[in-house]
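Reading through the structure tokens given below for one structure.
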Amino acid sequence: MMTTSQPIDFFKRREFLRGGTLGIGSLALSQLLQQDVGASASSPTGIDTHFAPKAKRVIFLHMVGGPSQMDTFDPKPELDKWDGKSLPAELTRGQKFAFITPDARAIKSPYSFAPRGDSGIIMSELFPHLATVADELTVVRSMQTNEINHGSGELFLHTGHGQLGRPTFGAWTSYGLGSENSDLPSFVVLKDAPPNAGPGAWSSGFLPSKYQGTLFRTGDKPLFYLDNPHGVSRQERGDVVGAIKQMNSLAFDRYHDPEIQTRIAQYELAYRMQTSVPELADLASEPEHIRKLYGVDQTGPGADFARNCLLARRLCERGVRFVQIFNKGWDHHANIYTALPRSAQGVDQACAALIIDLKQRGLLDDTLVIWGGEFGRTPMVQEHNAGTGAKTPPGRDHHKECFSIWMAGGGIKKGFTYGATDDFGFGVTEKPMHVHDFHATCQHLLGIDHEQLTYRHQGRDFRLTDVHGHVAKEIIA
Amino acid sequence: MTTRFFQLTGTLVAALTCGISHGEEAVDFSDDIRPILSGRCFNCHGPDAGSREADLRLDIRDAAIEAGGIVPGNPDESLIIERVITKDRYDRMPPKGKALTEGEVDKLRRWIEAGAPYEAHWAYVKPKASAVAEKDGDDTSEASNPIDLFIRQRLEKADLEPAPPADPAVLLRRVSLDIIGLPPTPEEVKRFEKNPSKANYEREVDRLLASKHFGEKWAISWLDLARYADSNGYQHDDLRTMWPYRDWVVNAFNNDMPFDQFTIEQLAGDLLPNPTTSQRIATGFHRNVATNFSGGTKVAEVRAQVLHDRVSTTGQVWLGMTLECAQCHDHKFDPISQKEYYQFYAYFNQAIPEFEQKGVDMFRKFFIGEEVPYYASPADARRAQEIPAEIAHEEAKLDRKKPIALKGQTAWEKSFLAERRAKNVPWERFDAMARRGAQVLNKAPEKRSGDERQQVEALLFYDHPATGPHEKRIDELRAEMERIAPKTMVMMDTAEPMESRLFHRGDYTNPTDLVQPGFPKILHTPDADSPPNRLGLAEWLVHPENPLTARVTVNRLWAEIFGRGIVATPEDFGMQSPSPTHPELLDWLALEFIENDWSMKHLIKTMVLSSTYQQKSKASPELLEIDPANELLARGPRFRQSGELVRDNLLAVSGLLSRKMGGPAVFPVQPDGLWKDISTADVTVYPTSEGEDRHRRGLYTFLRRGNPYPSVLNFDGTNRSTCVVQRGRSNTAVQALNLLNDPVFVEAAEAFATMIEQFPGENCDKVTRAFQRAAARKPSDAELETLLSLYHKHNSWFSVAQVLLNLDETITKS
């Protein structure tokens, strides 16, 4: 029973009752009701899920720009024969491309591919570190999306919709499962450069704004406004927050508004975050061998990504539910054979380190790690700059019909390859995994039935997968 | 129990309406049955022909009966009962989700027994005058405001009493925040406390309604609807000049422009006879749409996205209808076909081309739609008249054909490049040249394109002593023109009507049948002479027969004042929306609004003069349990202010607020680097304002969609990429950090501390006065004691100022 001294956040509960579907939203309900009792409740034990969850948290490594599938995880020896020729017209007719025409000539991959690990997953030579953990991965070669532009493609990958306004996968996860740590946000975003869709790529859309991703900046002050004003000591700040608490308690006696008690709790949380967040971001406290494993002290292009991967592990250890990392530089319209190896090198070591490190801490089993871009690239060459028309060294255009991603941990099969594409890497021939299917599968791993986690908006029950989505049971261990 | 009995009881209970539930209450179609049918059945058996299963539709009575779904009077013969109670998991309806509860099945049974009467959805029927208001029309007692009659009638049914009136100081602050978005001064509070009579309260309300700050406050939520912003959104997020539209909104509110005119000017000001500049600027409403100009988007694709947004926004703002649900297929719940969607779309599909692809390939697109210049003052307008003549005068003195210039070109190029390499060119000169593309000089003359050759000539004229001064003067004049007569985007239609087609599955690349402009059949028919363009659309929206526009509008104004709409979903009055808590009040307000010439000031005044509004906001524990959301209004409204108003309030309390109105958006201090986070933007440097522009009202802060001002975002403001009908009202730790540590609020606390120090009298007097600035009321002894002991501990007014600016009461309307 509620008493006046127990702060219940009525507004949020009302919002929930209005928004979430009663009953089938009970997953979100259990957590919401707990979180609503100020900031002190953090017990994750009461979370109800639709299925027994295999994954408790997600680290999503988004390679912004769209890595080339033919040069990484989906070898196409047949393409060598077509090098310099247009692909069969029946294949390309009516297809949408961003910058090239359907008759653009094919270009082969210059990289060698080989089976890796005991499982024999095939990877190109671009990922020597990742090859050492191949037996932990499932490679999906049959990804498909609807969009051919970065902004809309990123939105589609994260929200299942190509325009702004829908909640992201991370926001849905945060809404459905909440956080295991009341001192930290449940959905954190790390980036070495911004994605094209900007904050839309971690938006809560029409869900309440508390479910949006919180952007942590690189460096020791990941959040704005963590520092006290100049000259204000921790002691003085503590006294100020204490006085605010006393004053707000007196106001509570006057108005009996439960929001006041939530606000008291939020000020106390803010005060704790002023120390807990910088402590969390302090990578110098990690032992030397871990820093080396990730390569955080390098000065190359991968330094920020390495630091973000290590920070992601620290966030997961502390109960953060969803860590979204953006790595920029995979939009290889031109000069792909100089730029792609650099991009791959920038992430290879840290990706492998993340898997090794999660595993040695027993976290990999219930942490779902995802690596991939918003779409793939054409088997055909792009040789002109889209803006100026100037001739450029060869590159590849955006491609939505197929692309490759990999996943690891969190209930995913180990050393497995799923789906297949045609001889050119143009279209899917076996087991397509559309972005909606990918979302359905990931939610399934988190214990969520993608058809059941809904939110009432504009008179309709929305879900991440809209009216689509099939769980790819075959990739689940 | 016999059917007769139920019918009889039904009539009785229905007459009492909304009573406390007793076991065998009659079943009401709108309250009990439609939510079940709409929520659990319409997805496959509703208005959408495309997804209809088994040829059964339950949204139309005759169709449901004909298909055997319902046999009136005989639930056991009715297919829908059989299918919802069957134990066969393959036959059971609905096929997904939980089975209907026993209570729901029982309601369906009793409804069918009673003959399965359908009712039109209330929102599609015109508002009705109500007996409640008329009965007591002459009553001069305290409850003479009809709002109170409706509210009390409902309270009585719930056995609740209204709360006593709020303290005068608290009330004046409440009404001041509601009407102008700024707190009262301590002098105003003192004056009102001396004479808090009804008449004097009304005088205060009138004073506030006449304030020029009224428009600034009420514009904020309208700009959310209009998705007003100062940039395009998406990848490049280029800047745009739309603030003249924002100023139009502020002025329209201040002039109490009748809402029908307010509607017509914004949707179709350009189509009025001899439109004024102001009427054309009003049409910026629909030029505000976010536009995706990134790399591979197609012009036709951008246009379709923009037009869909215009349809969706118009539907939500005026009709409370989710039209966009019928973009790809017939609406699943509301009676709107896909064809009707595209008929509505056709009103907007008359616009001239608004976007163009520029450059060799498809990298960037630009606006080419209609623009008008906007003058901030008559002096600027006069000056703008003079400038073209001055430019012509300079042009006349400038002989660009002068052979000296052309003959000397090669020599000039060499010397310029040599000087530059030697770093002898003064920066000023080189920068000016670089802005004109001096890089082109590095290209060998024989390799230059036609455009580039012209560019080089222009550079030469600019740099040459004979022509340069004139060129520079022309540049200055053009820059001045841009500054005093900024161009803002407005709507314009093509001379000849354009054809519109239905898009198969909403895909613009797949147009099918031709459609003519038209309105959903469920609503009223337009006048016979209604033009088939946006003007016809706007007139239809504010037509006396329109059942929605007035209701939807008063509901939004009500929600802004009372914290919650009479319909809890102000953007959706459709079948899936929750029933109004006070349906008769909603209708009364709608009719009152129309009868009083659609005056928003009149309506707001009526609301704040009600006793309902003036109640204490304190909730007893019992009341919190019965009515946590304050739906019944047995207490006054209390909720946190929006992000813009939190800022305005703290700046006002600390004395820093600038009251300057209108003009270009401003750039208050924000954390470094935010604009660098916008992916491929050209403009990445945030030009922090100087002087009073740092302390303007939140309304004037530049809204960059790609990364909006954090202290508005943290308090549930949005990037305004789409129409926002109702903001959230979150309560987070990030907000606490924001108010405690944001340099803007630290500066406010410093200014406030200085002010407190200079207050006359003892510390106790200083603290009392400071508290009153923040909360309007006098502090209690305990409050005074808390603040004084903090002061004594650190000997710092700054700490006290910080506490006062961070109080729940300071950022909340109490």
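The values are calculated or read from the model by the stated rules, or taken from the named source; none is laboratory data. A quick note: this is a predicted structure, and the numbers were derived from the prediction, not measured. Neighbour counts are summed over all protein chains in view; Cβ atoms, including those assigned to glycine, are modelled from backbone coordinates with ideal geometry.
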The range B:728-767, residues that are more than 14 Å from chain A (Cβ to nearest Cβ) and either under 28 Å from the mean Cα position of the chain (by Cα) or part of a helix (DSSP H, G or I) (or both): B:754, B:755, B:756, B:757, B:758, B:763, B:764, B:765, B:766
For residues in the range A:430-457 being touching a strand residue (DSSP E or B) at 6+ places or on another chain (Cβ under 9 Å) and free of Cβ contacts under 8 Å to residues at least 40 places away in the same chain, which is farthest from residue A:104 (Cα to Cα)? A:441
Take the conditions more than 20 Å from the chain's Cα centre (by Cα), within 14 Å of chain A (Cβ to nearest Cβ) and closer than 30 Å to residue B:565 by Cα and apply them to residue B:632. Does it pass? yes
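Would you confirm, using the coordinates I've provided, whether residue A:261 is more than 27 Å from residue A:60 (Cβ to Cβ), within 14 Å of chain B (Cβ to nearest Cβ) and touching a Leu at 6+ places or on another chain (Cβ under 6 Å)?
The answer is no for residue A:261.
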Could you give every pair whose Cβ atoms fall below 8 Å, whose first residue belongs to the range B:232-247 and is closer than 10 Å to residue B:662 by Cα, and whose second residue is of a type in the set (Val, Ile, Thr), counting only separations of at least 6 or pairs across chains? B:243/B:488; B:244/B:281; B:244/B:488
Which numbered condition residue A:266 fails, given (1) at pLDDT 95 or above; (2) closer than 30 Å to residue B:780 by Cα: (1)
Tell me whether the range B:234-256 contains one or more residues that are at positive phi, within 14 Å of chain A (Cβ to nearest Cβ) and part of a loop (DSSP other than H, G, I, E, B). yes
Helices (runs of 4 or more DSSP H) (entirely within the range B:582-654) containing at least 2 residues that are over 23 Å from residue B:810 (Cα atoms): B:583-595, B:600-609, B:621-626
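Checking the conditions here, which among B:567, B:554 is within 19 Å of residue B:315 (Cα to Cα) and touching a Leu at 6+ places or on another chain (Cβ under 6 Å)? Walk me through how you get there before you give the answer.
Details: B:567 fails: touching a Leu at 6+ places or on another chain (Cβ under 6 Å).
Among B:567, B:554, only B:554 is within 19 Å of residue B:315 (Cα to Cα) and touching a Leu at 6+ places or on another chain (Cβ under 6 Å).
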Within the range A:347-357, identify whether any single residue is in contact with a Cys (Cβ under 6 Å, 6 or more places away or on another chain) and not polar (S, T, N, Q), and answer yes or no. yes
Looking at (1) closer than 30 Å to residue B:731 by Cβ; (2) more than 12 Å from chain B (Cβ to nearest Cβ), which one does residue A:284 not meet, given that it meets all the others? (1)
Could you pull out the residue among B:659, B:647, B:696 that is out of contact with any Phe, Trp or Tyr (no Cβ under 6 Å at 6 or more places or on another chain), touching a residue at least 40 places away in the same chain (Cβ under 8 Å) and surrounded by 17 or more Cβ atoms within 10 Å (Cβ to Cβ)? B:647
Go through (1) within 27 Å of residue B:355 (Cβ to Cβ); (2) at the interface with chain A (Cβ under 10 Å from one of its Cβ atoms) and name the single condition residue B:318 misses. (2)
Restricting the range B:463-483 to residues that are among the small types (Gly, Ala, Ser) and at pLDDT below 85, which is surrounded by the most Cβ atoms within 10 Å (Cβ to Cβ)? B:468
Failed condition for residue A:443, given (1) buried (at least 24 other Cβ atoms within 10 Å of the Cβ); (2) under 25 Å from residue B:331 (Cα atoms), with all others met? (2)
Quick one: what pairs do we get from the range B:772-787, first residue on the phi > 0 side of the Ramachandran plot, second among the basic types (Lys, Arg), C-beta under 7 Å, 6+ apart or different chains? B:776/B:173
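This table checks each residue for (1) over 25 Å from residue B:311 (Cβ atoms); (2) polar (S, T, N, Q); (3) free of Cβ contacts under 8 Å to residues at least 12 places away in the same chain.
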site: B:549; (1), (2), (3): no, yes, no
site: B:557; (1), (2), (3): no, no, no
site: B:575; (1), (2), (3): no, no, no
site: B:597; (1), (2), (3): yes, no, no
site: B:610; (1), (2), (3): yes, yes, no
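Condition check ((1) among the aromatic types (Phe, Trp, Tyr); (2) assigned to a loop (DSSP other than H, G, I, E, B); (3) without any contact (Cβ under 8 Å) to a residue 24 or more places away in the chain) across all residues:
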site	(1), (2), (3)
A:173	no, no, no
A:194	no, yes, no
A:231	no, yes, yes
A:235	no, no, yes
A:242	no, no, yes
A:251	no, no, yes
Could you tell me whether residue B:181 is surrounded by 20 or more Cβ atoms within 10 Å (Cβ to Cβ), out of contact with any Pro (no Cβ under 9 Å at 6 or more places or on another chain), within 14 Å of chain A (Cβ to nearest Cβ) and under 20 Å from residue B:708 (Cβ atoms)? no
Could you look through the range A:183-212, keep only residues that are of a type in the set (Phe, Trp, Tyr) and under 15 Å from residue B:734 (Cβ atoms), and pick out the one that is nearest to the other protein chains (Cβ to nearest Cβ)? A:211
Considering the range B:788-807, residues that are free of Cβ contacts under 8 Å to residues at least 24 places away in the same chain and facing chain A (nearest Cβ under 7 Å), and then whichever is nearest to residue B:638 (Cα to Cα), we arrive at B:803
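Specify the residue that is farthest from residue B:768 (Cα to Cα); the eligible residues are those in the range A:211-266 that are more than 31 Å from the chain's Cα centre (by Cα) and hydroxyl-bearing (Ser, Thr, Tyr). Break it down stepwise before answering.
Residues of the range A:211-266 that are more than 31 Å from the chain's Cα centre (by Cα), as a first pass: A:228-261, A:264.
Pick out the ones that are also hydroxyl-bearing (Ser, Thr, Tyr) and you get A:233, A:249, A:255.
Working: A:233: 26, A:249: 18, A:255: 20 Å.
The extreme case among them is A:233.
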Being surrounded by 24 or more Cβ atoms within 10 Å (Cβ to Cβ), facing chain B (nearest Cβ under 10 Å), more than 30 Å from residue A:120 (Cβ to Cβ) and not charged (D, E, K, R) narrows it down to one of A:215, A:155, A:177, so name that one. A:155
Residue in the range B:760-801 that is nearest to residue B:169 (Cα to Cα), counting only those that are surrounded by fewer than 16 Cβ atoms within 10 Å (Cβ to Cβ) and among the hydroxyl-bearing types (Ser, Thr, Tyr): B:780
Residue B:687 passes all but one of the listed conditions (1) surrounded by fewer than 22 Cβ atoms within 10 Å (Cβ to Cβ); (2) in contact (Cβ under 8 Å) with a residue 60 or more places away in the chain; (3) more than 8 Å from chain A (Cβ to nearest Cβ); the exception is number (2)
Collect the residues in the range A:196-212 that are assigned to a loop (DSSP other than H, G, I, E, B), buried (at least 24 other Cβ atoms within 10 Å of the Cβ) and in contact (Cβ under 8 Å) with a residue 60 or more places away in the chain, keeping them in residue-number order. A:196, A:207
Give just the number: which of (1) of a type outside the set (A, V, I, L, M, F, W, C); (2) crowded, with 24+ Cβ neighbours inside 10 Å; (3) in contact with a His (Cβ under 8 Å, 6 or more places away or on another chain); (4) farther than 30 Å from residue A:83 by Cβ does residue A:466 not satisfy? (2)
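Restricting the range A:367-426 to residues that are in a loop (DSSP other than H, G, I, E, B) and of a type in the set (Phe, Trp, Tyr), which is nearest to the chain's Cα centre (by Cα)? Write out each step before concluding.
Just the residues of the range A:367-426 that are in a loop (DSSP other than H, G, I, E, B), to begin with: A:373-375, A:385-390, A:400-402, A:409-411, A:413-415, A:419, A:422-426.
Filter once more, keeping what is of a type in the set (Phe, Trp, Tyr): A:375, A:424, A:426.
On the way: A:375: 15, A:424: 29, A:426: 25 Å.
My answer is A:375.
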